[in-house]
Amino acid sequence: MEKFDTLTTTAIPLEIENVDTDQIIPARFLKATDKKGFGDNVFRDWRFQKDGNPNVSFVLNDPTYSGSILIAGTNFGCGSSREHAAWALVGYGFRVVVSSFFADIFKGNALNNGLLPVQVSEEFLQLLFDTVKTNPETNITINLEAQTIIIENEIKESFEIDPYKKTCLLNGYDDIDYLLSKLEKIKKFEATTA
Amino acid sequence: MKKTLFDKVWDAHVVDAIENGPQILYIDKHLIHEVTSPQAFQTLEERGIPILRPDQIVATADHNTPTLDQDKPIKDPLSRHQLEQLSKNCEKHGITLYELGHQYNGIVHVMAPELGITQPGMTLVCGDSHTSTHGAFGSIAFGIGTSQVAQVFASQCLLLKKPKKMRVTVNGSLKKGVLPKDVILYIISQIGTNAGTGYFCEYAGEVFENMSMEGRMTVCNMSIEMGARGGMIAPDETTFNYVKGRKFAPKGSDFDTKVAYWKTLPTDEGAVFDKEYTFDAADINPMITYGTNPGMGIKVNGHIPQQEDTSFQKSLAYMGFEAGGRLLDTPINYVFIGSCTNSRIEDFRVAASFVKGKQKAENVTAWLVPGSKQVEAQIIDEGLRDIFEEAGFRLRQPGCSACLAMNDDKIPEGEYCVSTSNRNFEGRQGQGSRTLLASPLVAAATAIEGRIVDITKHLN
């Protein structure tokens, strides 16, 4: 897994609530047997019209906005457990999603793929939307070590992250490494409960 | 200390804990299917890690399978490849697979309970968010991502922070025509689609005590639609009677020993939940959804609420409905009875009892998709297929089908579909499709009338 420490970039505002994983990557693209190529189809049915031409009114097609931070409305990533949603966002180039609330399974999937879910207050989220929409050049800094999100070196908010997951992201470890280091304990547990 | 059902099952499966971090939770059963497993097999192969307990994994093909001509080769090369990959992976690693056409094949959340794979007190996972279904047995069951599928392959464990606990109590008795699907749609419409995020939800009270196992599965299935990773119902005589005698259920004295343990699992009197909701069964009516998340539900003869926010308005615009309006008499051309929510025999019985002696409306294309080969066989044995065929319906073969439209069962753009499935997200049933979630009874009535009707009037 790719390491994550700090990131400063412009951001893309997706001001929609309850963005579900079917929107992030529609089911018809889940037929692949590897993790590649999902970025091409991220938000497919919002990004493209039925005839395959880009939907110019969708924010990812708006040349005003760019960057590897996605700012989205509350309850981001609800619905299906498909990890393809995280692969699609990472594949497209996002490293961070900022929202005021994340669905559980998506949050775990994101963390397992080096995509950092940053949960902020409703007020801060609204401020982010307003600031980025007023000035799309606004730089946002995410500092994982300090657990802060900063707008243009000025306005700051802290965010929570599980300390274990933080260590994993900072070092590029994943859960399999850790679980395998505990195999003896796991086998002992099996023996006592069988 | 007083413990909840969830605490008891969880605590019995904790192998170890990281200080200030997650716990290592042991997983008893791991169910897999063709869509979310291939990349997990790939991860293990790339890293040269063996599968620790292949005998605790059961596989089925369901998401990406055709519901007609299952005996013929699959036309779509990508789908065919994905199913072949599952077969190869299972063969290579010695995993039991109920592949397409097998007498036990079916939707993972239908076939596992009916084979007795799902049992009270277990931990059970699957790379599918509707794994919450199995909590109906008093097990901890939840959906996981593909990285976690790989973790369970490698270690039979997951690293998890213990979720919080909530309880939804519904007392009283349900009115005529109100089905388990209406109960869960009602609950979600009241508490919202993220009320359960971070929680495991126990359903308690007379309504669930008096519900069949199939009804309980319908309720627990949709726990994820209010954000809860899992739902649970205390195991009782209904549970034990359902499990008894099934293929993989414990037999003889083993069964009795298990039942004695299972009886210790219900929540202790006085145990504390982090959050509680209480509802009265008398307030629940046949439900239908009008928007693009499962929380946007109203009683079938009710009015769409008024809300200012843009997400709500975007949703209504997509659906082509107006705030304050009603859904009654909306013409409907598509009806889907199926999915891991409502594709069990009781669902087809209730639909058949309504359509018996009537004729399907001419404008309606109806897809009746059983949840498993066993349900399909039961539909035929009980004579329900004849009833459906006489009414102008055609029974298809088992699979997830139009619930997520990965196969050819897609609702055309702009069309409404009254569906017994679990998600009404934009395009869920096909690009541009518009889904209205409802019970099998409301779906059956819609298919007969070709429009949304007030089912309560048809029952009296």
3J(HN,Hα) from dihedral phi, segment B:25-34, Karplus parametrisation 6.51/-1.76/1.60, rounded to Hz, x for glycine, proline: 9, 7, 10, 6, 10, 10, 9, 10, 9, 5
Relative contact order, percent, segment A:61-194 [alpha-carbon distance under 8 Å, six or more residues apart]: 18 percent
Separation of the B:Glu237 and B:Asn363 label points, Cα + 7 Å toward Cβ, nm: 4.9 nm
For the protein assembly as shown, share of DSSP beta bridges that run antiparallel, in % to the nearest 5: 35 percent
Neighbour count of at most 11 Cβ within 10 Å plus DSSP loop: longest trypsin sites (Lys or Arg not before Pro)-free window in chain A: A:51-194
Rg in Å to one decimal, and Dmax rounded to a whole Å, for segment B:194-305 via C-alpha atoms: 17.0, 55
Estimated translational D of the protein assembly as shown in µm²/s (Stokes, Kirkwood radius over Cα pairs; 10 °C; 1.306 mPa s): 64 µm²/s
Distance (nanometres) between label positions extended 7 Å along Cα→Cβ at B:Thr310 and B:Ser253: 6.9 nm
For B:Gln374, net neighbour charge (Lys/Arg +1, Asp/Glu -1) across residues whose Cβ lies under 12 Å away: +1
Nearest-20 debye value, the protein assembly as shown charge dipole, Cβ charges on Lys, Arg, Asp, Glu: 1140 debye
Per-residue mean of C-beta atoms belonging to partner chains within 10 Å, peptide B:255-267: 0
Highest-first arrangement of B:176-184, B:145-153, where packing means the average Cβ count within 10 Å: B:145-153, B:176-184
Rotationally averaged projected area of chain A (alpha carbon convex hull; nm²): 12.7 nm²
Computed over segment B:149-249, Kirkwood Rh from alpha-carbon pairs, angstrom: 15.0 Å
Inter-label distance for B:Lys162 and A:Val56, nm, one decimal - labels placed 7 Å from Cα along Cα-to-Cβ: 5.7 nm
Relative contact order (%) - criterion: Cα under 8 Å, at least six apart; region: chain B: 18 percent
Solution diffusion estimate, µm²/s, Stokes-Einstein, chain B, Kirkwood Rh from C-alpha pairs, 10 °C, viscosity 1.306 mPa s: 71 µm²/s
Percent antiparallel among DSSP beta bridges (both partners in chain B, rounded to 5): 25 percent
Whole-Å distance, taken between Cα centres, linking segment B:1-64 and segment B:383-440: 31 Å
Coarse-grained scattering of segment B:310-460 at q = 0.13 Å⁻¹, given as base-10 log I(q)/I(0) from a Debye sum over alpha-carbon atoms: -0.54
Segment B:123-187 - convex hull of the alpha-carbon atoms, volume per residue in Å³: 108 Å³
Peptide B:20-30, shielding by other chains (average Cβ, 10 Å cutoff): 3
Unit charges on C-beta of K, R, D, E only; dipole of segment B:345-446, Debye: 140 debye
10 Å Cβ neighbours from other chains, averaged over peptide A:16-29: 6
Zero-based 10 Å bins, Cα pair distances in segment B:5-275, whole percents: 7, 29, 34, 23, 7, 0
Those lysines that a straight Cα-Cα span of less than 23 Å connects to B:Lys175, excepting residues fewer than 8 apart in one chain: B:Lys299, B:Lys356, B:Lys457
P(r) histogram, all alpha-carbon pairs of segment B:298-366 included - 10 Å bins from 0, percent: 16, 33, 34, 16, 1
Surrounding net charge for B:Gln429, when Lys and Arg each add one and Asp and Glu each subtract one, Cβ distance under 14 Å: -3
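Coordinate-derived values only; no laboratory data. Treat the numbers as computed from the prediction; the structure is a model and nothing was measured. As a convention, Cβ positions derive from the backbone with ideal geometry for all residues, glycine included, and neighbour counts pool all protein chains shown.
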